[in-house]
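Taken together, the values in this text are just the output of simple stated rules run on the coordinates, not laboratory data. Not measured: the values here are computed from a predicted model. Counting neighbours? That spans all protein chains shown, and the Cβs are built from the backbone with ideal geometry, glycine included.
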Amino acid sequence: MERRVTHDGDPRLARHVGNAALKVDRQGPRIVKDTRAHSGGRRIDLAVAAVLAYDRAVQSTGDYDPLESVW
C-alpha cells in the first residue's frame with residue numbers, strides 16, 4: 001500500500017493542504033502553516049480537519065496501530 005490519501009479535488013482543501021507543512025520536533029509530528037503562509041491570512045484549517053477525520057476513520061477499522069501516526 002502506498003499510504004497516500006486522495007480527495008475529490010475541492011479547491012479549498014487543496015489550497016489549505018498547499019499552505020500546510022509537517023513539523024516534527026520534541027512535541028512530535030504536527031501540521032503547521034508553511035513559513036510562506038504566515039502572511040496574507042493563508043489557512044490550514046481544512047488540512048487539519050482532514051487529517052483528524054482520516055485518523056478517526058483509521059482507528060475505527062481495527063487496523064489502528066497507536067504507535068504509528070497518520071501525521
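Could the peptides 22-34, 47-59 be put in order, highest first, of the mean number of other beta-carbon atoms found within 10 Å of their residues? Can you show the working numbers first?
Working: 22-34: 11.8, 47-59: 14.1.
Final packing ranking: 47-59, 22-34.
Fully extended, how many nm does the chain gain between ARG26 and ARG12 (0.36 nm per residue separation, minus their Cα-Cα distance)? Intermediate results must be reported in sequence, preceding the final value.
Details: separation 14, 0.36 × 14 = 5.04 nm, distance 3.07 nm.
Gain in length upon complete extension: 2.0 nm.
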